Amino acid sequence: IQTSQLSPSVWLIHSFIHSFIHSFIHSFIHSFIHSFIHSKPLPKSADVVVIGGGSLGCQTLYHLCKLGMTNVVLLERDRLTAGTTWHTAGLLWQLRPSDTEVELLAHTRNVISSELEEETDLETGWIQNGGLFIASNKQRLDEYKRLMSLGKAYGIESYVLSPAETKDLYPLMNVKDLYGTLYVPKDGTMDPAGTCTTLSRAATARGVIENCPVTGIQVKVDDLGVKRVKEVETAHGTIQTPCVVNCAGVWATKLGEMAGVNVPLIAMHHAYVVTERIEGIQNMPNVRDHDASVYLRLQGDALSVGGYEHNPIFWNDVSCNNCVYKSDKSFTADHKPLMGEAPEVRGFFLGCGFNSAGMMLGGGCGKELAHWINHGRPEKDMCGYDIRRFHHSLTNNNRWIRERSHESYAKNYSVVFPFDEPLASRNMRTDPFHQVLQEQGCVFQERHGWERPGWFNRGGPAPVLDYDYYGAYDVPKNTDYKYSEILGKEYTFDFPPHHDAIRDECLSCRNAVAVFDMSYFGKFYLTGPDAKKAADWLFTADVNKAPGSTVYTCMLNKRGGVESDLTVSRLEPSPAHHPLTPESNGKRHTPFHTKCEMIKRQADEKASLLQEVLNSDLSNDAFPFSTHKIVNAAGHKVRAMRLSFVGEMGWELHIPKESCLPVYHAVMAAGAKYGICNAGYRAIDSLSIEKGMDLRPDDTPLEAGLAFTCKMKTSIPFLGRQALEAQKAEGLRRRIVCFTVDEKVPMFGLEAIFRNGVPVGHLRRSEFRFAIDKTIGYGYIRNPDGGVVSPDFVRSREFTLERMGVTYKATAHLKSPFDPENKHVKGIYG
């Protein structure tokens, strides 16, 4: 197709003959290149066996070798890049609406554009032709402006262009229907074959063994009953190994089945076409028209064009023999890759399900996966990619996998809004309160399969309906779908239309009484004769308190990063089974009740309300903060804990399942005269941010302002202590800071932080603080010269926050400006 005006929102079509010739030539060249790769003999044993010779497999092999591992091998059933990788577009965009992904992309770009060529003297085929994102409406351009501001925190050059400026940059483009564009000059194009070939050459391992299909993976059961990888069986022999890495792309599910591991992804046929020569297209940037769901990749003097439709063809028969020139990709339930060690089998790692982003994320994810394998955990916060994010009841549920993966594909290019929720495979996991809360107008959120309260709609019930595949596959599209309509109104980067409803929930909590259903949060028992020893090692705080006490603490990794913050409650040993206490026999049995937040009923009316429901004295003297006891609530035994997640005096009620509704109704009836209301997680987000925390596994308690949770003044060793002691001695190179903005402007996180005009970080999270009618946010800041971030570094300069290209003056706080002494949770007001 030759044209002087190329519109990005029009599909380009080429002839079948051209497609066949292109595929044939590509395959011939690909085979010729790889005929020079030496396929070494199959080793008898290996420390790690990587399966799959695409982007992720080659990047993982390369980074394992960079860590000093030599006894590793990569097995490829055909030739390198013979799967999804060979036909990938190879586009690399530096900006994504996730700080972790921006960092992963930056590493990929560094490996492809410079590191590999310096190590091997071979060219990877990297072309820095830039990237151009098309916006056809204000919401899309607002998203691009958010990306531009985030990019400034990472030193990524980008520009928001007008239609006229876009025309100057890309003369062939029809800009009449454009709202604007985002131009990133240092984006580019990767060559899949060149990249993987260079990666395999750079790896100093046993190397790559091609034409070696895996036929089986054997596992063994150790003395503790734990399943572990034992060996890999191939058509050419067996390799003894304790570690397998599944980088098999669309074949990953079948590989997982060999070891008894669920790999929740779906393979889809993906269409792309190549145009004829287009005069003047040379050296133009790659284009993504997200609203048309189309990408345009520069391919010499032509374009390769692909897109994501609402009715993709599922590839149900993923065999080892029926994929030659098809374009097939694997998609997951939440549009995030599957990585990390499988919960079913130790030593079985995943590196698959990359939702068309395997090339661009390959370098960063390959590095993190190699570190995961070698050191037991990744360096960055990879929780959003960890296979363990999915509950086992979902990973083997075909309906959930199929519906959610379809929605993931169909929304591949959708705007990422702060309050979006999936429509597919909902109501998979519900608690006893679900129906009664739904009847009261609860708008539910989905997390890990659970339906949890988001906020309460004044317009009545808005149930989530069965998935309609957006009307595809002759499935009747849902009509008069209230939940979907409410979500649609939330699609904004301004204050959402239901802002006032969430404000009322927050202010009810502050000024009256609010009830939160937090059944979704986890509960664990730590029991056994060595429970005390385990608690000392696992928890940063000293939890050796009297039964009836509750302690807030952290759990760290070896590097001092916070894996979890939680409360630990010491229980009385129980000689008989009790629904609120684990069974115990013998004096040496010391139970702890560990929670990562629990079923929570928050009361704020100075205990008056709960005093009418519980048979226990709730005064400060009789029931002080951070204690718990079993009490009677409306004729039912519950465990009451004097805790609060939102900075006010309150209680958690831990209720046996069969007693949940009677206790709930009793609380609501007693609270009517106090103005009690239901509240959801949107209110919790706003209320809890006032208490000043944002934690990830790459943050330490010292950086996060949680040094008080660490028993550093004792001699008791705990996991991560050495790292904290070293960090304390050296001084903090990063520190969490609270920012408030006087102007009434919505912020959601990812806004750039400037200190005297110099970028020093970005907001991790931000919410509107209704109690003072201001925006509040938290971010970790760094010293631009790499020095210590001291309190004086924060106090001595002016700060601004950039939101969508606009700068706002901000006030920095080292402590939360709301109740900094934590008096409210202790019942001290005034």
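Would you kindly state how much longer the chain becomes between Glu572 and Asp773 on full extension, computed as 0.36 nm times their sequence separation minus their alpha carbon distance, in nm to one decimal? Display every interim value, and only then the final one.
Working: separation 201, 0.36 × 201 = 72.36 nm, distance 4.45 nm.
Full extension of this stretch gives 67.9 nm more.
Quick check: the angle from helix 99-110's long axis to the longest principal axis of the chain, C-alpha only, nearest 10 degrees?
Once rounded, the angle reads 30 degrees.
What GluC sites (Glu not before Pro) does the range 743-830 have in DSSP loop regions with at most 13 other beta carbons within 10 Å?
Numbers: sites: Glu743, Glu751, Glu767, Glu798, Glu802, Glu821; in loops: Glu743, Glu751, Glu798, Glu821.
In loop regions of the range 743-830 (DSSP not H, G, I, E or B), the sparsely surrounded GluC sites (Glu not before Pro) are Glu743, Glu798, Glu821.
Tell me, what is the FRET efficiency for Ala472 and Thr215 to the nearest 0.05, using R0 = 45 angstrom and their Cβ-Cβ distance as r?
On the way: r = 36 Å, r/R0 = 0.81.
Calculated transfer efficiency: 0.80.
Once both labels are modelled 7 Å past Cα along the beta-carbon direction, what's the Lys809-Asp168 spacing in nm?
Modelled inter-label distance: 3.3 nm.
Leaving out ligands and nucleic acids, and using a 1.4 Å probe, what accessible area per residue does the chain come to in Å²?
Numbers: 33350 Å² over 830 residues.
It amounts to 40 Å² per residue over the chain.
Which FRET efficiency, nearest 0.05, do Ala271 and Asn110 yield, Cβ-Cβ r, R0 22 Å? Mind dumping the intermediate values first?
Details: r = 32 Å, r/R0 = 1.45.
Efficiency computed from Cβ-Cβ geometry: 0.10.
How far, in degrees from 0 to 90, does helix 55-66 lean away from the longest principal axis of the Cα atoms of the chain, to the nearest 10?
Taking Cα atoms only, the helix is inclined about 80 degrees.
In percent, what relative contact order does the range 633-741 have, based on Cα pairs under 8 Å that are 6 or more apart in sequence? Could the numbers behind the result be given before it?
Details: 68 pairs, mean separation 21.6, N = 109.
Here the relative contact order equals 20 percent.
With Cβ to Cβ distances under 14 Å as the rule, what net charge do the other residues near Ala424 carry (K, R +1; D, E -1)? Mind showing how you got there, number by number?
On the way: positive: Arg399, Arg402, Arg404, Lys411, Arg426, Lys477; negative: Asp334, Glu403, Glu407, Asp420, Glu421, Glu446, Glu451, Asp466, Asp468.
Cβ neighbours under 14 Å give a net charge of -3.
Run the 1.4 Å probe and let me know the accessible area of Thr70, rounded to the nearest 10 Å².
That residue has around 90 Å² of solvent-accessible surface.
Add +1 for every Lys or Arg and -1 for every Asp or Glu among the other residues with Cβ under 10 Å from the Cβ of Pro547, and state the total.
On the way: positive: Lys545, Arg570, Lys629; negative: Glu572.
Charge balance near Pro547 sits at +2.
Give the cross-link partners of Lys138 among the aspartates and glutamates, using a straight C-alpha distance below 20 Å as the criterion and excluding same-chain residues fewer than 8 apart.
Glu165, Asp177, Asp289, Asp291, Asp420, Glu485, Glu490, Asp494, Glu751, Glu802
What is the chain's relative contact order, in percent, from Cα pairs under 8 angstrom and six or more apart in sequence?
Numbers: 1872 pairs, mean separation 92.7, N = 830.
11 percent.
Please get the size of the charge dipole for the chain, origin at its Cα centre, with Cβ charges of +1 on Lys and Arg and -1 on Asp and Glu, quoted in debye to the nearest 20.
Values: 91 positive and 95 negative charges, 408 e Å.
Roughly 1960 debye, rounded to the nearest 20.
Work from the charge dipole of the chain (Cβ charges, +1 for Lys and Arg, -1 for Asp and Glu, about the Cα centre) and give the residue of Ala106, Ala541, Val741 farthest towards its positive end.
Ala541
Expected output is a single nm value to one decimal: the length gained when fully extending between Ser608 and His391, i.e. 0.36 nm times separation in residues minus the C-alpha distance. What is it? If you can, show how the numbers build up before the last one.
Numbers: separation 217, 0.36 × 217 = 78.12 nm, distance 3.90 nm.
So the extension gain works out to 74.2 nm.
If you look at just the Cα atoms of the range 731-826, how large are its Rg and its Dmax in Å?
Both quantities, over Cα of the range 731-826: 13.3, 42 Å.
In the structure shown, do any of Lys558/Lys823; Lys489/Lys774; Lys220/Lys523; Lys336/Lys691; Lys489/Lys523 have a Cα-Cα gap over 27 Å, and if so which? Kindly include the intermediate steps, with their values, before the conclusion.
On the way: Lys558/Lys823 33 Å; Lys489/Lys774 23 Å; Lys220/Lys523 30 Å; Lys336/Lys691 30 Å; Lys489/Lys523 35 Å.
Going by Cα-Cα distance, Lys558/Lys823; Lys220/Lys523; Lys336/Lys691; Lys489/Lys523 fall outside the 27 Å limit.
According to a simple spin-label model (label point 7 Å from Cα along Cα-to-Cβ), what is the distance in nm between Arg795 and Asp177?
Computed distance between label sites Asp177 and Arg795 equals 5.8 nm.
Among residues other than Glu703 whose Cβ falls under 9 Å from its Cβ, what is the net charge (Lys/Arg +1, Asp/Glu -1)?
Details: positive: Arg733, Arg734, Arg735; negative: Asp699.
Neighbourhood net charge equals +2.
On the protein heavy atoms, probe 1.4 angstrom, tell me the percent of accessible surface of the chain carried by carbon and sulfur. It would help to have the intermediate numbers written out before the result.
On the way: 17340 of 33350 Å².
Its accessible area is 52 percent carbon and sulfur atoms.
Between Ala669 and Asp500, take the C-beta separation as r, use R0 = 22 Å, and let me know the FRET efficiency to the nearest 0.05.
Plugging the Cβ-Cβ distance into 1/(1 + (r/R0)^6) gives 0.25.
Ordering Tyr491, Tyr179 from largest to smallest accessible area (1.4 angstrom probe), what's the sequence? Walk me through the intermediate numbers first.
Details: Tyr491 65, Tyr179 120 Å².
Ranking Tyr491, Tyr179 by accessible area, largest first, yields Tyr179, Tyr491.
Hey, got a sec? Which trypsin sites (Lys or Arg not before Pro) in the range 705-747 land in a DSSP loop and have at most 15 other Cβ atoms within 10 Å? Don't skip to the end; give the middle numbers.
Details: sites: Lys711, Lys713, Arg721, Lys728, Arg733, Arg734, Arg735, Lys744; in loops: Lys711, Lys713, Arg733, Lys744.
Qualifying residues, ordered by number: Lys713, Arg733, Lys744.
Once you have a ≥ b ≥ c as the square roots of the Cα gyration tensor eigenvalues for the range 181-298, tell me rounded if a/c is under 1.5, and otherwise prolate or oblate according to whether a/b is larger than b/c. Could you put the intermediate results ahead of the total?
Numbers: a/c = 2.87, a/b = 2.15, b/c = 1.33.
Verdict is prolate for the range 181-298.
At 7 Å along Cα-to-Cβ for each site, give me the label-to-label distance between Ile630 and Gln282 in nm.
8.2 nm
Starting from 0 in steps of 10 Å, tell me what percent of the Cα-Cα pairs of the range 41-172 lands in each bin.
Reading upward from the zero bin: 10, 30, 31, 18, 9, 2, 0.
Residue separation times 0.36 nm, minus the C-alpha to C-alpha distance between Glu117 and Ser616: what's the value? Before the final figure, lay out each step's value.
On the way: separation 499, 0.36 × 499 = 179.64 nm, distance 7.17 nm.
172.5 nm is the gain from fully extending Glu117 to Ser616.
The values are calculated or read from the model by the stated rules, or taken from the named source; none is laboratory data. Remember, it's a predicted structure, so these values are computed and weren't measured experimentally. Methodologically, a virtual Cβ is constructed for each residue, glycine included, from the backbone with ideal geometry; neighbour enumeration extends over all protein chains shown. Note: areas computed on protein heavy atoms with side chains; ligands, DNA, RNA excluded. Shrake-Rupley method; radii C 1.70, N 1.55, O 1.52, S 1.80 Å.
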